[in-house]
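One structure is given here, and the rest of the page talks about it.
Read-outs: derived from the displayed coordinates by stated rules, not from any lab. Note that the coordinates shown come from a computational prediction; the quantities given were computed from them, not determined experimentally. With ideal geometry, Cβ positions are generated from the backbone for all residues, glycine too; neighbour counts draw on all protein chains shown.
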Amino acid sequence: MGLCDTLPTMVELIDNAIDLNPKLKACAILTMSPTKHNINKLELARSVFKFDNLILLKSVTSDRKVYRDAASIGLSVLEMDNEKASFEISEIATEIFTMLKDS
């Protein structure tokens, strides 16, 4: 099952869950972005991501080896010595917490 199959299925599940819990907020993030950010590719990805009940966060994660290293030893990247990855995760958390606080 590829992205073209998975995302619409996930959105359908989210829609069904919102029927049961109208306050539900579902978010998605762009992951594994190249570390040499290509703004055009990120903007293209954002422009085609159009789902009513799925919020695309502004924060992204890059394709960094530290994510794989942390997972292989059972740690969070916040526990690793990598400022860029830690910043990415902190930005995601801040964005989500802000969204929840404002709702």
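For this structure, a couple of remarks:
- FRET E, pair Lys65, Ala93, Förster distance 22 Å, beta-carbon r, rounded to 0.05: 0.55
- Taking label points 7 Å from Cα along the Cα-to-Cβ direction, Asp15 and Lys84 give a separation of 3.9 nm.
- Taking 7 Å steps out from each Cα toward its Cβ at Ala45 and Ala26 produces label points 1.9 nm apart.
- 3J(HN,Hα) from dihedral phi, the range 52-64, Karplus parametrisation 6.51/-1.76/1.60, rounded to Hz, x for glycine, proline: 4, 9, 10, 8, 8, 5, 6, 5, 9, 10, 9, 7, 10
- Diffusion constant of the range 3-97 at 20 °C, which comes from Stokes-Einstein with the Kirkwood Cα-pair radius and 1.002 mPa s, µm²/s: 143 µm²/s
- Pairs from Lys25/Lys58; Lys36/Lys84; Lys25/Lys101; Lys41/Lys84; Lys25/Lys84 whose Cα-Cα separation, in the structure shown, is over 23 Å: Lys25/Lys84
- Rounded to the nearest 20, the size of the Cβ-charge dipole of the range 3-102 about its Cα centre is 260 debye, with Lys and Arg at +1 and Asp and Glu at -1.
- Helical mean residue ellipticity (222 nm; -39500 (n - 2.57) per DSSP H run of 4+; nearest 500) of the chain: -17500 deg cm²/dmol
- Close amide-amide hydrogen proximity is noted between Leu56 and Ala28, each under 5 Å apart and 5 or more residues distant or on a separate chain (H modeled in the peptide plane; Pro and chain starts excluded).
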